[in-house]
């Protein structure tokens, strides 16, 4: 821990100090009250928060030491105020972090296979790997409402039913081991929906967090554009934060929620709907 702290930049150290001070719900509420009132006395804060003076003093001391709260005056004329520049600096720091996360897409010109990951079309002999990875997603209860595990034989039939307009892509590592798959699926059999495609992305447990999903989704979108689709859509669990972040990095937007859409292990679960227009 000391080694990590010694490597911090001044901005990181300041942000950490402020976040620690704001880690208490009471302190966060104090900051909100003072931000609204501009200046506030101890008795006013104690009354609004329902706190004893001794407890309030402890919280105010922590906020003052972090540089969030300023004090002016003495005795009954002692007022607590907020330094807007301190919160601005924290917001700027966190905004910078957020800005970096919004650039988590493969840079222009980068091959989806960079980093030792190759993306290729699936073959019939990939069916066992597709079943293995899909079954992990089913067992994890984070990516699909499917509950019955699939056999290689069933996945071979599923794979054979996919045509050139609805491809299945495989992600394999440098040793040729399958680490994920993705597919474009028929959204609706009606002709009016011919230019809308549903999509699926599944990454093996042991390979998550390595950019496999990004590589698959980059290749899948390129194939969807080449096949003349106007829009890509998918449904996801709102609790699947890594998956939703992946889709958002690639420009998919949440456009709605199906509440209590499925009964999974005896409980109703919501499903969010996401889409991307391919211009």
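The values are calculated or read from the model by the stated rules, or taken from the named source; none is laboratory data. Every value quoted in this text rests on a predicted model; they were computed, and no experiment measured them. Cβ placement follows ideal geometry from the backbone for every residue including glycine, while neighbour counts extend to all protein chains displayed.
Can you tell me how many residues within the stretch 33-61 are exposed (fewer than 15 other Cβ atoms within 10 Å of the Cβ), in a helix (DSSP H, G or I) and touching a strand residue (DSSP E or B) at 6+ places or on another chain (Cβ under 7 Å)?
Total satisfying the criteria: 1.
If I filter the stretch 241-249 for residues that are outside any helix (DSSP H, G or I), in the same structural domain as residue 210 (by TED's automatic domain parsing) and at negative phi, do I get at least one hit? Walk me through it before giving the result.
Initial filter on the stretch 241-249 (outside any helix (DSSP H, G or I)): none.
Checked the stretch 241-249: no residue is outside any helix (DSSP H, G or I), in the same structural domain as residue 210 (by TED's automatic domain parsing) and at negative phi.
Listed here are the residues, each with its yes/no results for (1) under 30 Å from residue 31 (Cβ atoms); (2) outside the structural domain of residue 45 (by TED's automatic domain parsing); (3) surrounded by fewer than 12 Cβ atoms within 10 Å (Cβ to Cβ); (4) modelled with pLDDT of 80 or more.
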| site | (1), (2), (3), (4) |
| --- | --- |
| 73 | yes, no, yes, no |
| 76 | yes, no, yes, no |
| 88 | yes, no, yes, no |
| 109 | no, yes, yes, no |
| 132 | no, yes, no, yes |
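On the basis of being in the same structural domain as residue 232 (by TED's automatic domain parsing) and under 28 Å from residue 194 (Cα atoms), does residue 125 make the cut? Working first, answer last.
Working: in the same structural domain as residue 232 (by TED's automatic domain parsing): yes; under 28 Å from residue 194 (Cα atoms): no.
No.
Quick grid of which residues meet (1) in contact (Cβ under 8 Å) with a residue 40 or more places away in the chain; (2) over 19 Å from residue 120 (Cβ atoms); (3) assigned to a loop (DSSP other than H, G, I, E, B); (4) touching a strand residue (DSSP E or B) at 6+ places or on another chain (Cβ under 8 Å):
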site	(1), (2), (3), (4)
154	no, yes, no, no
159	no, no, no, yes
180	yes, no, no, yes
184	yes, no, no, yes
189	no, yes, yes, no
198	no, yes, no, yes
223	yes, no, no, yes
235	no, yes, no, yes
254	no, yes, no, yes
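Looking at 99, 81, which one is modelled with pLDDT under 95, more than 21 Å from residue 208 (Cβ to Cβ) and part of a helix (DSSP H, G or I)? Full working, then the answer.
Values: 81 fails: part of a helix (DSSP H, G or I).
On inspection, the qualifying residue turns out to be 99.
Considering the stretch 246-279 alone, what residues qualify as being closer than 18 Å to residue 140 by Cα and exposed (fewer than 15 other Cβ atoms within 10 Å of the Cβ)?
Result: 263, 264, 265, 266, 267, 268, 270.
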